[in-house]
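Undergrad: First the structure, which I've put down as structure tokens, then a few questions once you've had a look.
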Amino acid sequence: MLTPLEIRKKEFRRCFRGYDEQEVDAFLDQVIVTVEELIKENARLQDLVERSEQNIARYQEIEDALKQTMVFAQKNAQELKHNVEKEAEVILQEAHAQAGQITRDAARTAEQTIAEAERRAEELLRRAHQQAEHSLEEAHRRVDQLLREYQEIEKQVKVFRAKFRSFLEAQLALLDDEEHGIAREVHTVTAKRNEEEKDAEDSEAEREARLA
């Protein structure tokens, strides 16, 4: 590719009835200006493309980080659900075990004496049932609380997913706008170059007509 300096230093041989030297120099000056503008415009467009590629890479890193965060949140939610179910099962088993142990203790105590056993057994059984019911109610309350916590986390995951989707859509829209802007600038530069080339051809045709 010729540089403006090479065009400026170009010398033509002189011959009889050759081209007008001033017109040739004037035309070369126009060519130099056009080439310089094209070089500057090409550098600007290359810089714009590089910045667009850097933005795309940065958005890709953000998208990957957000995907990892979502996967981590879903994994934590599943682990929490599993732990809640396991803890609820353990609580229910302990409550049933305690109720059974209390009932057995009440039955052994009732065997010691008939009269005292009947009165004592009724009291112990009543307390045993109350304690067992209380333990079961406490277990159910704990299970309900853990389920509510899990539902809240599930709701937060849905909200996060919706915000993440909106963020990605906004970033993609920005990328689309930048690509349309680059396309418009390239179209403008191409149209300007075509117009300049047409003007140069018209000038050359007029000069040839005068020489003829």
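The values are calculated or read from the model by the stated rules, or taken from the named source; none is laboratory data. This structure is a prediction, so every number in the text was calculated from the model and none was measured. Here the Cβ positions follow ideal geometry from the backbone for every residue, glycine too, while neighbour counts run over all protein chains shown.
Undergrad: Pairs only if they're at least six apart or on different chains, beta carbon under 7 angstrom, first in region 90-113 and under 12 Å from SER135 (Cβ atoms) and in a helix (DSSP H, G or I), second at pLDDT 80 or above and of a type outside the set (Ser, Thr, Tyr); list them, first residue then second.
TA: ILE91/ALA139; ILE91/ARG142; LEU92/ALA139; ALA95/LEU136; ALA95/ALA139; ILE102/GLN131
Undergrad: Check off (1) within 30 Å of ILE153 (Cβ to Cβ); (2) surrounded by 12 or more Cβ atoms within 10 Å (Cβ to Cβ) for ASP105 and give me the number that stays unchecked.
TA: Answer for ASP105: the failing condition is (1).
Undergrad: Would you say GLU154 is modelled with pLDDT of 75 or more and part of a helix (DSSP H, G or I)?
TA: On the way: modelled with pLDDT of 75 or more: yes; part of a helix (DSSP H, G or I): yes.
Taking the combined requirement at face value, the residue satisfies it.
Undergrad: Tell me, please, whether a residue that is farther than 30 Å from ARG184 by Cα and assigned to a helix (DSSP H, G or I) can be found in region 49-65.
TA: Yes: region 49-65 contains one or more residues that are farther than 30 Å from ARG184 by Cα and assigned to a helix (DSSP H, G or I).
Undergrad: Another question about this same structure. Go over the candidates ALA121, ALA73 one by one and state the one that is closer than 30 Å to GLN151 by Cβ and either surrounded by 12 or more Cβ atoms within 10 Å (Cβ to Cβ) or of a type in the set (Asp, Glu) (or both). Don't jump to the end; show me each part of the working.
TA: Values: ALA121 fails: closer than 30 Å to GLN151 by Cβ.
Going through ALA121, ALA73 in turn, just one is closer than 30 Å to GLN151 by Cβ and either surrounded by 12 or more Cβ atoms within 10 Å (Cβ to Cβ) or of a type in the set (Asp, Glu) (or both): ALA73.
Undergrad: Moving to a separate point now. So is VAL49 closer than 30 Å to ARG142 by Cβ and touching a residue at least 60 places away in the same chain (Cβ under 8 Å) or not? Write out each step before concluding.
TA: On the way: closer than 30 Å to ARG142 by Cβ: no; touching a residue at least 60 places away in the same chain (Cβ under 8 Å): yes.
Against the criterion (closer than 30 Å to ARG142 by Cβ and touching a residue at least 60 places away in the same chain (Cβ under 8 Å)), VAL49 does not qualify.
Undergrad: May I pose another question? If you go through region 127-167 one residue at a time, how many are surrounded by 11 or more Cβ atoms within 10 Å (Cβ to Cβ) and of a type in the set (Gly, Ala, Ser)?
TA: The total comes to 4.
Undergrad: Just one of GLU138, GLU185, GLU204 is within 51 Å of the chain's Cα centre (by Cα) and at pLDDT below 85; which is it? Explain how you work it out, then say what you get.
TA: Numbers: GLU138 fails: at pLDDT below 85; GLU204 fails: within 51 Å of the chain's Cα centre (by Cα).
Being within 51 Å of the chain's Cα centre (by Cα) and at pLDDT below 85 holds for just one of GLU138, GLU185, GLU204, which is GLU185.
Undergrad: Find the residue count for region 50-81, including only residues that are over 22 Å from VAL159 (Cα atoms) and not acidic (Asp, Glu).
TA: Final tally of qualifying residues: 7.
To keep it simple, each residue is scored yes or no on (1) touching a Gly at 6+ places or on another chain (Cβ under 7 Å); (2) at pLDDT 80 or above; (3) part of a helix (DSSP H, G or I).
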site: ARG14; (1), (2), (3): no, no, no
site: ARG17; (1), (2), (3): no, no, no
site: GLN22; (1), (2), (3): no, no, yes
site: ILE39; (1), (2), (3): no, yes, yes
site: ASN42; (1), (2), (3): no, yes, yes
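Undergrad: Name the pairs: first residue in region 179-200 and farther than 21 Å from ASP47 by Cβ, second residue modelled with pLDDT under 70, Cβ to Cβ under 9 Å, at least 6 apart or on different chains?
TA: Here the result reads none, with nothing in region 179-200 linked to a residue that is modelled with pLDDT under 70.
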